[in-house]
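Undergrad: Handing you this structure, nothing more for now.
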Amino acid sequence: MGTMDEDRHNQEREPVPAAYPGAEPLPEAYGRVSNPERYRVLHRWGHELLDRLTADFAVDRADVTGQEPSPFGDAAAPAVRLVPRDAAAGPLTVVFTGFPGLAVRCGRWHQLVFPSCGCDACAEDPGELREKLEEHVGALVSGNLAERLSQQGDWWLVEYDIPGIASGSSKVRRAEAARGSGWFAAPFQSGSPGAVHWSAWPRRDAADT
């Protein structure tokens, strides 16, 4: 058993990124998930977001559980898709993963996972993840999201752009997409590169007039 001073020293070395942003996480913090339940609030926020969008916009809402497998391998994870009643506007799919967290597809190819890791070293803040979720979904809904799919060797390259806010890219291995394996592989199976700038979702009050 260590002395009180040794115990205090060990406690002081434990990384607390939220309180000390500049602290260097200990090696064992990578891959360690002490409290995944702190991300369960994302499920509630995801449901609230879907309910709000369904109430405000002219969309068709469908349960697509099993059609959009979770990136964590829990194939039975509940999933919901909203499809605007305007073909020029992009769909939204939300998977409620068992981690717990959310896997989200905005439009045709743009994919996000909340949290992206969840380990103690990354220490992603649920509130900040909610802000990012609202930001990217808000861009899709407002017609401020552009996507592009191109082929680079053995990979599909997905690029997205939210003017004035964010942009980025990700890769999906073509062989996995062709087999239909991996997360959200279906959009890549047609092998049709292209680009799209989605239109704004039609509001429900406008569609009902």
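The values are calculated or read from the model by the stated rules, or taken from the named source; none is laboratory data. For clarity, every value in this text was computed on a predicted model and none was experimentally measured. Glycine gets a Cβ as well: all are built from the backbone with ideal geometry, and neighbour counts include every protein chain shown.
Undergrad: In the stretch 77-97, which residues are touching a Pro at 6+ places or on another chain (Cβ under 9 Å) and surrounded by fewer than 14 Cβ atoms within 10 Å (Cβ to Cβ)?
TA: Passing the criteria: only 85.
Undergrad: Still on this structure, I have one more. Answer yes or no as to whether residue 71 is surrounded by fewer than 21 Cβ atoms within 10 Å (Cβ to Cβ), over 12 Å from the mean Cα position of the chain (by Cα) and either more than 22 Å from residue 201 (Cα to Cα) or among the hydroxyl-bearing types (Ser, Thr, Tyr) (or both).
TA: no
Undergrad: Okay, moving on. Output the residues belonging to the stretch 32-88 that are within 17 Å of residue 102 (Cβ to Cβ) and of a type in the set (Phe, Trp, Tyr).
TA: 39, 45, 72
Undergrad: If residue 87 satisfies all but one of (1) touching a Leu at 6+ places or on another chain (Cβ under 9 Å); (2) over 20 Å from residue 43 (Cα atoms); (3) not in a helix (DSSP H, G or I), what's the number of the condition it fails?
TA: (1)
Undergrad: Which of (1) at pLDDT 85 or above; (2) under 23 Å from residue 75 (Cα atoms); (3) outside any loop (DSSP other than H, G, I, E, B) does residue 99 not meet, given it meets every other one?
TA: It fails just one condition, (3).
Undergrad: Cβ-Cβ distance below 7 Å, separation of 6 or more or different chains: which pairs start in the stretch 175-203 with a residue that is under 19 Å from residue 68 (Cβ atoms) and end on one that is among the polar types (S, T, N, Q) and at pLDDT below 65?
TA: Filtered contacts from the stretch 175-203: 177/189; 178/189; 180/189.
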